[in-house]
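What follows is a short report on a single structure.
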Amino acid sequence: MTSPLQIVGKDGTVQLFGIRLIGLSGANAKKLLLTAVFIALVVVLGRLLGWLADRLMGERRGRARFWTQQGVQLSLAVLLIVGLISIWFNDPTRLASAAAFITAGLAIASQRLITAVAGYFIILRGKNFNVGDRIVMGGVRGDVIALGFTQTTIMEMGQPPSEQGDAPSMWVQARQYTGRIVTITNDKIFDTPVYNYTRDFPYIWEEMRVPIPYGADRRKAEHILLEAARRHTTQVTDLSTDALEELERRYSVDREELQPATFLRLTDNWVEMAVRFVVDVHGVRRVKDAMTRDILDALASAGIEIASGTYQVVGMPDLRVQLLPSHTSQSQANGPQPVNRDGGD
């Protein structure tokens, strides 16, 4: 009796009940087995390289570890692609035909995926950001904690009160972690701007505004704000020489702009006094908290109050009060009395 499953022909094609199964042959089965073994070896190699990188890097974090991870991932990806092509396409003509077919299919069905992968290489080549940078990308604010071929992972941070209206809504009213981890596809770099807080200069300019009454000692208040800024914020002398030189070379920023300064603005109710200073990107809330405490204590010691919105009543209309006699008031209070028209019982 003939077996329903047979291998026939020079290519070892599998035949089931006399029907040849296209694409299923002994040669393809060997290639499939070899592919599975090869992928397993690549995975093991990737884990081994990751373990060696961790041992060599030790406790170091930041860009060195980031570029090591990216180098390992790219090398393994190239090795995997070259190995699979070598296993399945030993004929150049078949390779060209398959490549054209796959490229056309991907272009139609996976445009966003291809764009995301392209964005990954643009991020690496264009130096948009690295792991550890604080950025705003696709409307998400925070620190980059991972970068993959298609997605960027961000540890989300909150927003200051002046930015609370921006989407999405926040419950943390400062640039501190919210605890949410957000993944964004890399294709967002083609659609929206990327704001980087730390790429070339790891410091930002911040401001604090204090309303001072018109009758207060403004010079004393200005001195208090400047002293608090100089005491708690980053000084120009503390900035790294390399960062300053790079900042001046790229953007022609005068070093005088890095010194704390105050600016006054007239309003209807008070003098708005703003102090501007340079501070490290991380820990801004702690710095402003320490400054606020010192400013409040110093203003109280100097007898300077913080202005607030108040209203002054400048006049009242005249009031006329007319007192009525007691019997008139009683009768009016009781209202009209009923009249007996029947003459009694």
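Rule-based calculations on the coordinates, nothing more; no lab input. This one's a predicted model, so the numbers in the text were calculated from it and none came from an experiment. Virtual Cβ from ideal backbone geometry, glycine too; neighbours counted across all protein chains shown.
Just tell me which lysines come within less than 22 Å, Cα to Cα, of Lys288; anything on the same chain fewer than 8 places away is out.
List returned: Lys220.
Using the number of other C-beta atoms within 10 angstrom as an exposure proxy, rank Thr292, Thr233 with the fewest first.
Fewest to most other Cβ atoms nearby, the residues stand as Thr292, Thr233.
So for segment 126-196, taking the charge dipole from beta-carbon charges (+1 Lys/Arg, -1 Asp/Glu), which of Phe190, Asn130, Val172 sits furthest toward the positive end?
So the residue we want is Asn130.
Please give the length that would be gained between Asn269 and Leu296 if that part of the chain were fully extended, namely 0.36 nm times their separation in residues minus their C-alpha to C-alpha distance (nm, one decimal).
Answer, rounded to one decimal: 7.7 nm.
Exposure proxy check: Leu319, Leu33, Leu49 ranked by fewest other beta carbons within 10 Å? Kindly include the intermediate steps, with their values, before the conclusion.
Working: Leu319 5, Leu33 10, Leu49 17.
The fewest-first ordering by Cβ neighbours comes to Leu319, Leu33, Leu49.
Give me the one-decimal nm value for the distance between modelled label points at Glu305 and Trp205, 7 Å along each residue's Cα-to-Cβ direction.
3.4
Rounded to the nearest 0.05, what FRET efficiency do Leu32 and Asp191 have when you use their Cβ-Cβ distance and R0 = 30 Å?
Working: r = 40 Å, r/R0 = 1.33.
Given R0 = 30 Å and the Cβ-Cβ separation, E is 0.15.
In whole Hz, with x marking every Gly and Pro, tabulate ³J(HN,Hα) for segment 299-304 from phi via Karplus 6.51 cos²θ - 1.76 cosθ + 1.60, θ = phi - 60°.
Computed from phi, the couplings for segment 299-304 are 5, 5, 5, 7, x, 9 Hz.
Under 25 °C and 0.890 mPa s, how fast does segment 126-196 diffuse according to Stokes-Einstein, given a Kirkwood radius computed over C-alpha pairs? Answer in µm²/s, whole number.
Translational D for this selection: 200 µm²/s.
Arrange Tyr177, Tyr203 by Cβ neighbour counts within 10 Å, fewest through most, would you?
If I rank by nearby Cβ atoms, fewest first, I get Tyr177, Tyr203.
Sequence-distant or interchain residues sharing an amide H contact under 5 Å with Thr178, placed H: which?
Placed amide hydrogens put Glu156, Met157, Gly158 under 5 Å from Thr178.
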